[in-house]
Structures are given as C-alpha cells and as structure tokens.
Amino acid sequence: MAKGALPGFRDFYPQEFAERDYLLKHWRDVARRFAFVEYDGPPLEPLDLYTKKSGDEIVGQLYNFTDKGGREISLRPEMTPTFARMVAARANALRKPVRWFSVPQLFRYERQQKGRLREHFQLNVDIVGEVDVAADAELLSVAIEIVRVLGLTQNDVRARISDRRLLRALLATLGVSEEQSGGVFAVIDKIERQPLDISREKLSALGLADGVVERIIGLTGRVSLDGLRAEYGADAAVNECLGELGRYFDCLDALGVGAWAELDLKIVRGLAYYTGIVFELFDAHGEFRAICGGGRYDTLLKSLGGVDLPALGFGMGDVVLGELLRHRGLMPATLAGPDYWVAYSEPAQRAEAMRVSQALRRAGASVEYALRPQQLGRQLKAASAAGAPEAVILREDGTLILKSLASGEERTVRLSEGRLV
RNA sequence: GUGACUGUAGCUCAAUUGGUUAGAGCACCGGACUGUGGCUCCGGGGGUUGCGGGUUCAAUUCCCGUCAGUCACCCCA
C-alpha cells in the first residue's frame, strides 16, 4: 500500500466528499427548519477545557500538544465545552431559549474500529434556558427528522430513552446508596455487551443483596411507564419522574415521532454530565453503533462557565450514519455531472464552444467542454462518461443542437441570455 | 494500551507442494469503427507482492520484526 492518510483519518475523494456533503446538507437543512442557528468555535482549545470536566485520564484520548508559546492545547474531541463557554460568556445577552447547532470536525486519539475513527464530523444541536420537557422532545424530534429525511423509517431506527433522575429514584427505592449508584450505572451501561452473570456478579460485588440485583436486572428489561408506576409509583420521587416522562412522550406524539421512541432504562450515556432524560438512536437490527446520543445536562454550564442555566443537546456523527445509509442503499451513489457538455465539430470552433459555455455558466449552469480538440464522437463519449444529461453540439453551419444523452433526442436551439431556447 | 485475524495494480481477485519476466476483469489513457456517445475489437500506462530482516540454489508462498487494515477489549467526552 502506498502511503495514505494517517491512521483513523480519511481522504475524501470526490465520491466520498459527495457523500459527506449529502449528510451535512441534510443536517443543516433540518436544523434550520427547527429554527436552530449555526455557530462554530476554534478547532484548538486549551487542554484544561477538557480535563476540568473529565479529569486527567482523558488526556490519553486527546490530540494534545504544547504549542510554541508553551500552552497546553488540544484538538477538540467534542463541541459541548466550547459551546458551554461561548454561551456562558454572553449568557445574559442571549435570547432564551438558545437554539444553536454546529457541525464541527472532532478529533480523538483512539485505536480505530468499526464506526469509530480518529476524526469525524458531528452535528451538535443544543438548547439552553428551558426546563420544560417540551425542549427534550423538540431535541429528539430533530434527530429523528434527520434520519427520516435520509430515507430511514421507524422500522430502521429506534430512539431509546431513559431518564437518569428516574433511574436514581428507582435505585433509591431499592435501597441502593448514592455511593453504590455510580457502580450500578456502569453495570447497566454495558449490560447488553456482557453476559448477564457477569453483570450479576458485579452488582453483588457492590454489596447489593440478591433480591435487589434481580430487581435491577428487571429494570433493564422491557419496561413501560404504567408498569413502573404500578410497581414503584408509591415513591414520590419516582412518581414525579414518571409524570415528567409521560408529558415528554405526549410531546413526542404531538410532534409525530412517538412511534420511533421507546423507554429503555439501559441507556445511561457513559458516566458523563447528563442529569435528566437521555436518549440514543440505534439501527433496529443492532448491527451498528449508536447513530446519535444526547440528553439533558442542567448543571454543566454552571460547572464550566459559572452560569446556572438548564441545557440539553445531542451529537450525531457522520461515520455510523454513513455506514448505515450505505448498508441500506440510501446513499446517493452517483456523482453529479455537469448540466451541459458543449461539443464542437471542427477544432476552429473551440473558441465558439468557450463562448457558449461561458454564457451558460454565467446563467448558473455547470458546463464542461473538450479542452483539447477531439473528434465529435469522442467528445460525446466524454460527455456521457462525465454524467452530463445533455450535450450542446455546435454544428459547422453555426447552428446549436441540444441532444439528450439518455434518449438521443435532438432539437435545434439558440442561445438567449444564457438560456437555450 | 491488550488480543485475534488479514496485507499481491486505483478496485475485485489469480499465481502447481517454495520454481523462469507476478497475471486477469473492471477502471484509466490511446487507436480502429472516417468524424453524433453507450457496444465491439486492438494497444498502452500502472506492482520494490505494505516495509525490513532471516531460512533457501530460489520467497508472493516459510519464520521473525515492524507498519497498516479489520474485529473485539479498554474507553466512549
């Protein structure tokens, strides 16, 4: 193999670039239709922007280095700290709720594997300044709308929803202490990825009785709001959380995306900063990693920027989504060609071909012609290969022929203000 | 960082048990069809067999190392 890109980095040849552009265009289009506005920040940030939130062990997964001024800096591994800083800096001046989105290229120093590279593009959509669960529902509906416009259905993609406060309240009723709950969250987070007996052992190791362990396992199975209410509703905290979730699902129904969503307490979202409703989008067959994930992080802005504002957001990467769309045959396979190919019969007509091409171009069309005089047949061959739907042929007598390269139909046209009529 | 598997043209793959100058299809470039494309035919460019070392008369083939890829673990902000 010739020397290629660095491990985990991608060369975007025109075909790959077209696919990336296809995804990013839909991201931006949907975000704007939901009245989010785009922002961006620096691709390089001070290292401590990330270590403050996640501790020093995160440095092993960052592209960090010391710059020529002696500053410890890092390529951004995620957008949320930058977002939080920017919002916090102007918190008082921003109209609430803040509805912003961004499409940063993010970097992490990790061994690459399926669905994970060292670089990717990620749509970030965030709302700041709204505590109502309608905001949570609005956010999820953006994510669902994106996969919908890309051709996926509720049979292809499922939104799995949980609520960290609910889970904590449920664990509290089972007698799980605050100190134990962190470990329990960790076990629940990976309960799908390891044998059930291992999960049981780990829960027991946290000092939980066998009966409690089994009830926790039960919570990670199929659950419903009604079922939880019947079993745990006597607890006031649980009941309040269930009420909130009920209103949340009502909002999803009103937004027309309720059928995509299901309650699933296995969704924990790492051990990060989430405080309330969290969600992930998965392909329904479970062949791929999560397409997208997010949730409410009401305390993060205070801890990072000193501004006490509720917030929520999600991130959606281009790698897994692209893999899924290609797998389902939903990624446009052909590169867009020029609108017209201007062909000429005699070498001396090249200048005329240039004039015609330029007139069409100035009117907005994409136009190519043979830079080197070639036989007419070869030019038409090139026109087909380039993917042009139509060829404009300059005949020796000066007339223009517009030829469809699909059907072969021809008609005589003339150029009028950059248009062929 | 750990482990398993895999590395031959741009892509998909060949190459008797280790044996001459590593082949084919697709793609690309050129030519023929005498100048309106898609088909067909002919020709051409393109490989230090990932890289380095070892064994051997001889290595794409066997061994070691290294790099890269794939998958899993770790981690997933």
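A:THR334 fulfils the conditions (1) among the hydroxyl-bearing types (Ser, Thr, Tyr); (2) surrounded by 21 or more Cβ atoms within 10 Å (Cβ to Cβ); (3) closer than 30 Å to A:GLY8 by Cα except for a single criterion, (2). Filtering A:GLY243, A:GLY183, A:GLY233, A:GLY218 for residues that are of a type in the set (Gly, Ala, Ser), within 19 Å of A:GLU262 (Cα to Cα) and surrounded by 14 or more Cβ atoms within 10 Å (Cβ to Cβ) leaves a single hit, A:GLY243.
Counting only helices (runs of 4 or more DSSP H) that sit wholly inside region A:170-243, those with at least 3 residues that are under 19 Å from A:VAL278 (Cα atoms) are A:178-189.
Every listed requirement among (1) open to solvent by 40 Å² or more (accessible area, probe 1.4 Å); (2) among the β-branched types (Val, Ile, Thr); (3) at pLDDT 95 or above is met by A:THR299 save one, (3). Among the residues of region A:390-402, those that are within 10 Å of RNA strand B (Cβ to nearest atom) and open to solvent by 40 Å² or more (accessible area, probe 1.4 Å) comprise A:GLU390, A:ARG395, A:GLU396, A:THR399. I'd like to know if region A:364-374 contains one or more residues that are in contact with a helix residue (DSSP H, G or I) (Cβ under 6 Å, 6 or more places away or on another chain) and open to solvent by less than 10 Å² (accessible area, probe 1.4 Å). The answer is yes, given that some residue of region A:364-374 is in contact with a helix residue (DSSP H, G or I) (Cβ under 6 Å, 6 or more places away or on another chain) and open to solvent by less than 10 Å² (accessible area, probe 1.4 Å).
A single member of A:PHE288, A:PHE279 is crowded, with 21+ Cβ neighbours inside 10 Å, touching an Asp or Glu at 6+ places or on another chain (Cβ under 9 Å) and touching a residue at least 40 places away in the same chain (Cβ under 8 Å), and it is A:PHE279. Do we find that A:VAL213 is over 21 Å from A:ARG160 (Cα atoms) and either crowded, with 19+ Cβ neighbours inside 10 Å or in contact with a Pro (Cβ under 8 Å, 6 or more places away or on another chain) (or both) in this structure? The answer is yes for A:VAL213. Can you tell me which of A:LEU405, A:LEU312, A:LEU325 is within 14 Å of RNA strand B (Cβ to nearest atom), under 39 Å from the mean Cα position of the chain (by Cα) and within 30 Å of A:ARG99 (Cβ to Cβ)? None of the others qualify; the one that does is A:LEU312.
Residues checked against (1) closer than 26 Å to A:GLU287 by Cβ; (2) at pLDDT 90 or above; (3) touching a Ser or Thr at 6+ places or on another chain (Cβ under 8 Å):
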| position | (1), (2), (3) |
| --- | --- |
| A:ALA169 | no, yes, no |
| A:ILE188 | yes, yes, yes |
| A:GLU192 | yes, no, no |
| A:LEU196 | yes, no, no |
| A:ASP250 | no, yes, no |
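Any residue in region A:164-176 that is in contact (Cβ under 8 Å) with a residue 12 or more places away in the chain, more than 30 Å from A:LEU325 (Cβ to Cβ), open to solvent by less than 60 Å² (accessible area, probe 1.4 Å) and charged (D, E, K, R)? The answer is yes, given that some residue of region A:164-176 is in contact (Cβ under 8 Å) with a residue 12 or more places away in the chain, more than 30 Å from A:LEU325 (Cβ to Cβ), open to solvent by less than 60 Å² (accessible area, probe 1.4 Å) and charged (D, E, K, R).
The set of residues in region A:404-421 being farther than 21 Å from A:ALA348 by Cβ and in contact with a helix residue (DSSP H, G or I) (Cβ under 9 Å, 6 or more places away or on another chain) consists of A:LEU405, A:GLU417, A:GLY418, A:ARG419, A:LEU420.
Name the residue, out of A:VAL278, A:VAL238, that is within 16 Å of RNA strand B (Cβ to nearest atom), among the aliphatic types (A, V, I, L, M) and in contact with a helix residue (DSSP H, G or I) (Cβ under 8 Å, 6 or more places away or on another chain). After applying the criteria, what remains is A:VAL278.
In this entry, A:PHE65 is excluded by the filter for residues that are within 22 Å of A:HIS120 (Cβ to Cβ), of a type outside the set (S, T, N, Q) and open to solvent by less than 20 Å² (accessible area, probe 1.4 Å).
Which pairs have Cβ atoms under 7 Å, sit 6 or more apart or on different chains, and link a residue in region A:67-96 that is within 13 Å of RNA strand B (Cβ to nearest atom) to one that is charged (D, E, K, R)? Short answer, once both residue conditions are applied: A:SER74/A:GLU45; A:ARG76/A:GLU45; A:PRO77/A:ARG108; A:PRO81/A:LYS53; A:THR82/A:GLU45; A:THR82/A:ARG76; A:PHE83/A:ASP126. Of all residues in region A:334-352, those satisfying the criterion of being within 12 Å of RNA strand B (Cβ to nearest atom) and assigned to a strand (DSSP E or B) are A:TRP341, A:ALA343, A:TYR344.
Within region A:128-150, the presence of a residue that is farther than 20 Å from A:ARG95 by Cβ, hydroxyl-bearing (Ser, Thr, Tyr), touching a strand residue (DSSP E or B) at 6+ places or on another chain (Cβ under 6 Å) and open to solvent by less than 30 Å² (accessible area, probe 1.4 Å) is excluded.
The values are calculated or read from the model by the stated rules, or taken from the named source; none is laboratory data. Everything quoted here is computed from the prediction, not taken from an experiment. Don't worry about glycine lacking a Cβ; one is built from the backbone with ideal geometry, like all the others, and counts go over all protein chains shown. The accessibility values were calculated without ligands, DNA or RNA, using every heavy atom of the protein model including side chains. Shrake-Rupley method; radii C 1.70, N 1.55, O 1.52, S 1.80 Å.
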